[in-house]
Amino acid sequence: MGRIGPVAAGESSGSVVRRILLGSQLRRLRDSRGITREAAGYSIRASESKISRMELGRVSFKARDVEDLLTLYGVTDDAERDALLGLAREANMAGWWHSYGDVLPGWFQTYVGLEGAASLIRVYEVQFVHGLLQTESYAHAVVARGMGDAPAVEIDRRVALRLERQKALVSERAPRFHAVLDEAALRRPYGDREVMRGQLRHLIEMSEQPSITLQVMPFSFGGHAGESGSFTMLRFPESDLSDIVYLEQLTSALYLDKAEEVAQYEKAMARLHEDSPGPEESRDLLRGLLQLT
């Protein structure tokens, strides 16, 4: 699988994953038959680039296209065809964030879907508290600072979207969430004193949730493995889907899944976990910051 690109709005949290899985299976079937992308595209009245986007999970699937490709690839077993066609139907399901399409950037839609489908989320943050751990007041201050002259209604919508994402952490199928927050993220003020105090109290409370591990990388440690900046790693229950590294930029994002690239971030994350104080000591650091705020 290559680098994942932006996807269409209105997907369920698992649909992004299902589309990537279906695309990778179609690619394996095509390769096993020695069929070129150009020939596959011709069979469904599409271009070679359309086949490439389908195999990377970047576009939705039409049932007729999948049926024609399966026929071309020699898949005649009814059970196998039904399973793949069912995957195509699930990949096109609308998701909860469909109503936030007016404020959800196209490049971020992929992440929301992948985040909702992940079984393990690991993050390192240096600029501010991670979105899944932000209080409403702190989130409002962050969004308002970042959006500049945006109207109040748009800021409120973006905050609402962030709070909706947070529900996954307390759901019955909550992922394991392991966050390393640089001390800089905790000392940089967003909002007034009470907003920051409320945010620190919230972090202490969330860190006691059984599915959440929170560590603080203190200034006193000096240079560390997070020197390249913030990043997120996502792992999924589906064995066919590799870990994905998410790197957010100002107007776009990168989704890395090549083994050698993921391995480098895996090493950096492991070092951050090892070098940061443990969860209990990190809670003590948070309590100390709360007293100083």
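The values are calculated or read from the model by the stated rules, or taken from the named source; none is laboratory data. Fair warning: this is a prediction, and the values are worked out from it, not measured in the lab. Please note: Cβ atoms are built from the backbone with ideal geometry, for glycine as well, and neighbour counts cover all protein chains shown. The accessibility values were calculated without ligands, DNA or RNA, using every heavy atom of the protein model including side chains. Shrake-Rupley method; radii C 1.70, N 1.55, O 1.52, S 1.80 Å.
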**Complete:** Listed by first then second residue, the pairs whose first member lies in segment 37-53 and is open to solvent by 80 Å² or more (accessible area, probe 1.4 Å), whose partner is in a loop (DSSP other than H, G, I, E, B), with beta carbons under 6 Å and at least 6 positions apart or on separate chains, are Arg53/Val59
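So how many residues does segment 87-99 have that are over 17 Å from Leu114 (Cβ atoms) and either at pLDDT 95 or above or in contact with a Ser or Thr (Cβ under 9 Å, 6 or more places away or on another chain) (or both)?
The total comes to 1.
Does Ser211 satisfy the criteria of being open to solvent by 10 Å² or more (accessible area, probe 1.4 Å), closer than 26 Å to Leu114 by Cβ and among the polar types (S, T, N, Q)?
yes
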**Asked** Mind checking which residues of segment 164-174 are in a helix (DSSP H, G or I) and either in contact with a Lys or Arg (Cβ under 9 Å, 6 or more places away or on another chain) or surrounded by fewer than 14 Cβ atoms within 10 Å (Cβ to Cβ) (or both)?
**Response** Lys167, Val170
**Fill in**
In segment 61-81, anything in a loop (DSSP other than H, G, I, E, B) and not basic (Lys, Arg) is listed as Phe61, Tyr73, Gly74, Val75, Thr76, Asp77
**Request:** Report yes if Tyr111 is over 17 Å from the mean Cα position of the chain (by Cα) and either farther than 30 Å from Ser43 by Cα or not in a helix (DSSP H, G or I) (or both), otherwise no.
**Result:** no
**Item:** Qualifying residues in segment 87-104 (those that are outside any helix (DSSP H, G or I) and open to solvent by 20 Å² or more (accessible area, probe 1.4 Å)) - the one nearest to Glu164 (Cα to Cα)
**Value:** Gly101
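Among the residues of segment 116-129, is any under 27 Å from Tyr265 (Cβ atoms), among the charged types (D, E, K, R) and either open to solvent by 70 Å² or more (accessible area, probe 1.4 Å) or in a loop (DSSP other than H, G, I, E, B) (or both)? Walk me through it before giving the result.
Just the residues of segment 116-129 that are under 27 Å from Tyr265 (Cβ atoms), to begin with: 116-129.
In the following step, the residues that additionally are among the charged types (D, E, K, R) were identified as 122, 125.
With either open to solvent by 70 Å² or more (accessible area, probe 1.4 Å) or in a loop (DSSP other than H, G, I, E, B) (or both) added as a condition, the list becomes none.
Taking every residue of segment 116-129 in turn, none turns out to be under 27 Å from Tyr265 (Cβ atoms), among the charged types (D, E, K, R) and either open to solvent by 70 Å² or more (accessible area, probe 1.4 Å) or in a loop (DSSP other than H, G, I, E, B) (or both).
Scan segment 130-154 residue by residue and report those that are without any contact (Cβ under 8 Å) to a residue 24 or more places away in the chain and surrounded by fewer than 20 Cβ atoms within 10 Å (Cβ to Cβ).
Ala144, Gly146, Met147, Gly148, Asp149, Ala150, Pro151, Ala152, Val153
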**Asked** Of Leu26, Leu84, which residue is surrounded by 14 or more Cβ atoms within 10 Å (Cβ to Cβ), at pLDDT 90 or above, in contact with a Phe, Trp or Tyr (Cβ under 9 Å, 6 or more places away or on another chain) and not in a loop (DSSP other than H, G, I, E, B)?
**Response** Leu26
**Prompt:** What's the number of the condition Arg58 fails, among (1) assigned to a helix (DSSP H, G or I); (2) buried (at least 17 other Cβ atoms within 10 Å of the Cβ); (3) not aliphatic (A, V, I, L, M)?
**Reply:** (1)
**Asked** Does Glu281 satisfy the condition of being over 15 Å from Val126 (Cβ atoms), modelled with pLDDT of 95 or more and open to solvent by 50 Å² or more (accessible area, probe 1.4 Å)?
**Response** yes
**Complete:** Of the listed residues (Gly106, Gly101, Gly113), the one being in contact (Cβ under 8 Å) with a residue 24 or more places away in the chain, over 24 Å from Lys267 (Cα atoms), touching a helix residue (DSSP H, G or I) at 6+ places or on another chain (Cβ under 7 Å) and not polar (S, T, N, Q) is Gly113
**Complete:** Among residues of segment 266-283 being part of a helix (DSSP H, G or I) and small (Gly, Ala, Ser), the residue nearest to Ile212 (Cα to Cα) is Ser282
**Count of residues meeting criterion [open to solvent by less than 30 Å² (accessible area, probe 1.4 Å) and either within 24 Å of His224 (Cα to Cα) or part of a loop (DSSP other than H, G, I, E, B) (or both)] in segment 175-208** = 15
**Request:** For segment 105-115, state whether one or more residues are touching a strand residue (DSSP E or B) at 6+ places or on another chain (Cβ under 6 Å), at pLDDT 95 or above and surrounded by fewer than 18 Cβ atoms within 10 Å (Cβ to Cβ).
**Result:** no
